[in-house]
Amino acid sequence: MFIAIAIHHAAPEHTDEFIAFMHQVIEATQGAPGLLEFTVCRDPQRGFLAGFSRWEGAAAFRAALPTIRSLAPLRRPEWSAAPDELITLVEA
């Protein structure tokens, strides 16, 4: 199993727009081979957003990246207060 967690530091005034964009990414990837789960999460204390996805393997995640990246033009730079972070995990 492969887990990808994209941490997004949304500007507080653009949180709702950012969440809507993240749901568009999830919709675009539904049915992708190897995708087990994809959800939007929010840290209630620090306010960052996380796109949490589980995949059958890293190759399935890499194969879906072009679809995910194709939505980049819909995302506005002012929605982010800091650069994104990507955390990837493999089952031990």
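The values are calculated or read from the model by the stated rules, or taken from the named source; none is laboratory data. Computed from a predicted model, the values in this text were never measured in an experiment. Don't worry about glycine lacking a Cβ; one is built from the backbone with ideal geometry, like all the others, and counts go over all protein chains shown. Note: accessible area is taken over every heavy atom of the protein model, side chains too, but ligands, DNA and RNA are not part of it. Shrake-Rupley method; radii C 1.70, N 1.55, O 1.52, S 1.80 Å.
For the reader, a short list of remarks on this structure follows.
- For segment 55-74, the criterion of a residue being open to solvent by 70 Å² or more (accessible area, probe 1.4 Å), farther than 18 Å from Ala10 by Cβ, modelled with pLDDT under 95 and assigned to a loop (DSSP other than H, G, I, E, B) is satisfied by no position.
- Just one of the numbered conditions (1) within 17 Å of Glu13 (Cα to Cα); (2) open to solvent by 70 Å² or more (accessible area, probe 1.4 Å); (3) within 11 Å of the chain's Cα centre (by Cα) is not true of Glu85: (1).
- Counted residues, segment 1-53 - those being open to solvent by 50 Å² or more (accessible area, probe 1.4 Å), farther than 17 Å from Pro66 by Cβ, touching a residue at least 24 places away in the same chain (Cβ under 8 Å) and assigned to a loop (DSSP other than H, G, I, E, B): 1
- The set of residues in segment 11-59 that are under 17 Å from Arg76 (Cβ atoms) and of a type outside the set (A, V, I, L, M, F, W, C) comprises Pro12, Glu13, His14, Thr15, Asp16, Glu17, His23, Gln24, Gly51.
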